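Taking it in order: structure first as structure tokens, then the write-up.
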Amino acid sequence: MRSVGLLLGLVVAGAAAAGASALAPGPDPTLVTAGAGLLGSGIVGLAVLGIDRAVERRRIAAPFGRGRADGLSNADRLAVALGSAAVFVRVGLLHVVADPLRIDGAVLTALAVSTIGVALGYRTASSRLDGLRHGALACGLGGALCVSLAAYDAEKVGSGAFDALVAGSGVVLPVSFGLFGGLSGVAGWWLADWLSGADPLA
């Protein structure tokens, strides 16, 4: 319950920051960008908790914070943190050479995010749920970091709808990146499981 309250607090704080900037005479890039990042982080966390609660009710596998003494291990936390940073760096580098709003840039962005999810699922996941959780967390939080790139684009274009564009990216980027990351994390776990099954010494 404490985790849900904290994550809801992030969502409310992020939405309030973006709303406060929208009500101000002019856009405050720092306030709305930070608010959108908090909003996206809260959404990712709530989505992962929702997945785990659904899994717990159906008794499919051990959920996120239960069945283990400490939930995510320190190694898992480090992998998620490094994965989210890798998503930000890869999308940032791609952002220099390709327009993410064009079809080629969008495809390259999806591939950049998905490969991080596959790598995480392959290296850290011991179950399908682990792959889904780690991929969704790392890539979703990476999407929240990428809100700063969306803010840069919005400010560079000089759009009058800066607040709406950046706040919208605080929802769209974490959700879409988290979806790609979760699915690719499951694919990475499956790949590792398949390769270990193919090895008679494994």
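The values are calculated or read from the model by the stated rules, or taken from the named source; none is laboratory data. These figures come from a predicted structure and were not determined experimentally. Because the Cβ atoms are built from the backbone with ideal geometry, glycine has one as well, and the counts that use them run over all protein chains shown. Ligands, DNA and RNA are stripped out before the accessible areas are found, and what is left, the full protein with its side chains, is counted by its heavy atoms. Shrake-Rupley method; radii C 1.70, N 1.55, O 1.52, S 1.80 Å.
Please verify whether region 124-132 includes one or more residues that are under 21 Å from residue 88 (Cα atoms), β-branched (Val, Ile, Thr), at pLDDT below 90 and more than 10 Å from the chain's Cα centre (by Cα). It would help to see each step written out before you state the result.
Quick first cut of region 124-132, residues under 21 Å from residue 88 (Cα atoms) only: 124, 131-132.
Now narrow it down to the ones that are β-branched (Val, Ile, Thr): 124.
Retained after the next criterion (residues that are at pLDDT below 90): 124.
Among the residues that remain, those that are also more than 10 Å from the chain's Cα centre (by Cα) are: 124.
Checking region 124-132: at least one residue is under 21 Å from residue 88 (Cα atoms), β-branched (Val, Ile, Thr), at pLDDT below 90 and more than 10 Å from the chain's Cα centre (by Cα).
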Considering every residue within region 108-128, establish whether at least one is open to solvent by less than 20 Å² (accessible area, probe 1.4 Å) and charged (D, E, K, R). no
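Across region 28-49, what is the number of residues that are without any contact (Cβ under 8 Å) to a residue 24 or more places away in the chain and among the β-branched types (Val, Ile, Thr)?
Step one: of region 28-49, the residues without any contact (Cβ under 8 Å) to a residue 24 or more places away in the chain are 28, 30-31, 34.
Checking the rest, the ones that are also among the β-branched types (Val, Ile, Thr) come to 30.
Summing the residues that are without any contact (Cβ under 8 Å) to a residue 24 or more places away in the chain and among the β-branched types (Val, Ile, Thr) in region 28-49 gives 1.
Yes or no: residue 99 outside any helix (DSSP H, G or I), open to solvent by 40 Å² or more (accessible area, probe 1.4 Å) and of a type outside the set (Gly, Ala, Ser)? Steps first, answer last, please.
Details: outside any helix (DSSP H, G or I): yes; open to solvent by 40 Å² or more (accessible area, probe 1.4 Å): yes; of a type outside the set (Gly, Ala, Ser): yes.
The answer is yes for residue 99.
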Candidate set: region 139-152, residues that are out of contact with any Phe, Trp or Tyr (no Cβ under 9 Å at 6 or more places or on another chain) and touching a residue at least 12 places away in the same chain (Cβ under 8 Å); chosen: the one most open to solvent (accessible area, probe 1.4 Å): 150
When you scan region 161-170, do you find a residue that is open to solvent by 20 Å² or more (accessible area, probe 1.4 Å), in contact (Cβ under 8 Å) with a residue 24 or more places away in the chain, more than 30 Å from residue 192 (Cβ to Cβ) and in contact with a Ser or Thr (Cβ under 9 Å, 6 or more places away or on another chain), even just one? yes
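Look through region 56-96, keep the residues that are among the small types (Gly, Ala, Ser) and in a helix (DSSP H, G or I), and return whichever of them is modelled with the lowest pLDDT. Write out each step before concluding.
Filtering region 56-96 down to residues among the small types (Gly, Ala, Ser) leaves 61-62, 65, 67, 69, 71, 73, 75, 79, 81, 83-86, 92.
So of that shortlist, the ones also in a helix (DSSP H, G or I) come out as 75, 79, 81, 83-86, 92.
Values: 75: 76, 79: 87, 81: 90, 83: 91, 84: 93, 85: 93, 86: 93, 92: 90.
Among residues in region 56-96 that are among the small types (Gly, Ala, Ser) and in a helix (DSSP H, G or I), the one modelled with the lowest pLDDT is 75.
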